[in-house]
Amino acid sequence: MKFGLIITAGGMGSRFGSENGKQFIDIQGTPMIIYTLNKFLDLPDISQIIITIEKNKQESLKNLLKKLPSKPDIQIVEGGQTRKDSVANAFHQLKGVDMVIIHDGARPLVSKTLIKQLMQKAKTQKAVIPVIPVVDTIKLVKNEQVIKTLPRDELYKVQTPQIIQYKIYKEALLKNKGTVITDDASLLENAGYLVHTVPGEQSNIKITYPQDLILAKTFLKQLRGLS
């Protein structure tokens, strides 16, 4: 079974406060996008890798990729107006793959263990995503008023990588034209497909704000202590 990997690195970094883009911030001496990419490079079942990024950052990314010791064949495509558009731009460049792995470039702490667990389960399921249980009480609020409290034991936070069968992702894209989504599995849910889950990792955070980088460094210290 062949896997195609799409890494989304199209965020402008405005919420992070970075002029150059958060994709290039330092994680243990390595730009975040490269740190993230390295988690996937030695997985033999991945036959194609595509990174989405803004046009004005493509040259910087190309220069970083040239410095990789293994010189992998990686395509760079321009990100779209939305996450769905960015992923679709990359998806249409995939060839000869059975499954699509979609990962946030801003989740550099994902473990290879989690990636391999997802890939293994994807060999028997059409779609699989990592989730972690919500520990806070969640309320539905409209117009600054609480409508109801949602059942916490049924709520989970979604992470990436998300792995989806190529064929059904293609069908889901066609069925969701004009739909706004925040994660790729939503496309499948809207199209009536089942999405399976595996336990995610607390350390697999998405770096969006400056304080997230502080938390990431804390997790890195803890992970080094376990190794």
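Is there a residue in segment 207-215 that is crowded, with 17+ Cβ neighbours inside 10 Å and closer than 30 Å to G96 by Cβ? No, every residue in segment 207-215 fails to be crowded, with 17+ Cβ neighbours inside 10 Å and closer than 30 Å to G96 by Cβ.
Any chance segment 42-65 includes a residue that's of a type in the set (G, A, S), at pLDDT below 95, crowded, with 19+ Cβ neighbours inside 10 Å and not in a loop (DSSP other than H, G, I, E, B)? No, segment 42-65 contains no residue that is of a type in the set (G, A, S), at pLDDT below 95, crowded, with 19+ Cβ neighbours inside 10 Å and not in a loop (DSSP other than H, G, I, E, B).
Looking across A122, A127, one residue alone is at pLDDT 95 or above, in contact with a helix residue (DSSP H, G or I) (Cβ under 7 Å, 6 or more places away or on another chain) and of a type in the set (G, A, S). It is A127.
Taking segment 181-198, which residues are without any contact (Cβ under 8 Å) to a residue 40 or more places away in the chain and within 19 Å of the chain's Cα centre (by Cα)?
First, the residues of segment 181-198 that are without any contact (Cβ under 8 Å) to a residue 40 or more places away in the chain: 186, 189-192.
Within segment 181-198, S186, E189 meet the criteria.
Suppose the filter is under 18 Å from the mean Cα position of the chain (by Cα), at negative phi and surrounded by fewer than 17 Cβ atoms within 10 Å (Cβ to Cβ); does Q202 pass it? If you could, list the steps in order and put the result at the bottom.
On the way: under 18 Å from the mean Cα position of the chain (by Cα): yes; at negative phi: yes; surrounded by fewer than 17 Cβ atoms within 10 Å (Cβ to Cβ): yes.
Yes.
Looking only at segment 63-86, count how many residues are of a type in the set (D, E, K, R) and within 23 Å of D183 (Cβ to Cβ).
Narrowing segment 63-86 to residues of a type in the set (D, E, K, R): 66-67, 71, 73, 78, 83-85.
Retained after the next criterion (residues that are within 23 Å of D183 (Cβ to Cβ)): 78, 83-85.
Of the residues in segment 63-86, 4 are of a type in the set (D, E, K, R) and within 23 Å of D183 (Cβ to Cβ).
Let's see how each residue does on (1) assigned to a loop (DSSP other than H, G, I, E, B); (2) within 28 Å of K126 (Cα to Cα); (3) of a type in the set (A, V, I, L, M, F, W, C):
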| residue | (1), (2), (3) |
| --- | --- |
| V180 | yes, yes, yes |
| L187 | no, yes, yes |
| Y193 | yes, yes, no |
| T197 | no, yes, no |
| T208 | yes, no, no |
| D212 | no, no, no |
| T218 | no, no, no |
| R224 | no, no, no |
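Only one of the numbered conditions (1) over 22 Å from G4 (Cβ atoms); (2) in a helix (DSSP H, G or I); (3) of a type outside the set (D, E) is violated by L37, and that is (1). T160 satisfies every condition listed in (1) touching a residue at least 60 places away in the same chain (Cβ under 8 Å); (2) surrounded by 10 or more Cβ atoms within 10 Å (Cβ to Cβ); (3) assigned to a loop (DSSP other than H, G, I, E, B) except (1).
Confirm whether I168 is in a loop (DSSP other than H, G, I, E, B), touching a residue at least 24 places away in the same chain (Cβ under 8 Å) and either buried (at least 16 other Cβ atoms within 10 Å of the Cβ) or not polar (S, T, N, Q) (or both).
On the way: in a loop (DSSP other than H, G, I, E, B): no; touching a residue at least 24 places away in the same chain (Cβ under 8 Å): yes; either buried (at least 16 other Cβ atoms within 10 Å of the Cβ) or not polar (S, T, N, Q) (or both): yes.
Against the criterion (in a loop (DSSP other than H, G, I, E, B), touching a residue at least 24 places away in the same chain (Cβ under 8 Å) and either buried (at least 16 other Cβ atoms within 10 Å of the Cβ) or not polar (S, T, N, Q) (or both)), I168 does not qualify.
Of all the numbered requirements in (1) closer than 22 Å to Y166 by Cα; (2) part of a loop (DSSP other than H, G, I, E, B), K84 misses one, and that requirement is (2). Within segment 171-180, the residues that satisfy the criterion of being without any contact (Cβ under 8 Å) to a residue 60 or more places away in the chain and either surrounded by 15 or more Cβ atoms within 10 Å (Cβ to Cβ) or on the phi < 0 side of the Ramachandran plot (or both) are E171, A172, L174, K175, K177.
Each row is one residue, and each column tells you yes or no for (1) charged (D, E, K, R); (2) surrounded by fewer than 13 Cβ atoms within 10 Å (Cβ to Cβ); (3) part of a strand (DSSP E or B).
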position	(1), (2), (3)
R107	yes, no, no
I115	no, no, no
L118	no, no, no
Q125	no, no, no
V128	no, no, yes
I132	no, no, yes
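Taking segment 22-31 as the range and being touching a helix residue (DSSP H, G or I) at 6+ places or on another chain (Cβ under 8 Å), surrounded by fewer than 23 Cβ atoms within 10 Å (Cβ to Cβ) and not in a strand (DSSP E or B) as the test, the residues that pass are F24, I25, Q28.
The values are calculated or read from the model by the stated rules, or taken from the named source; none is laboratory data. Just so you know, these numbers come straight off a predicted model, no measurement behind them. Note that each Cβ is placed from the backbone with ideal geometry, even for glycine, and that neighbours are counted across all protein chains shown.
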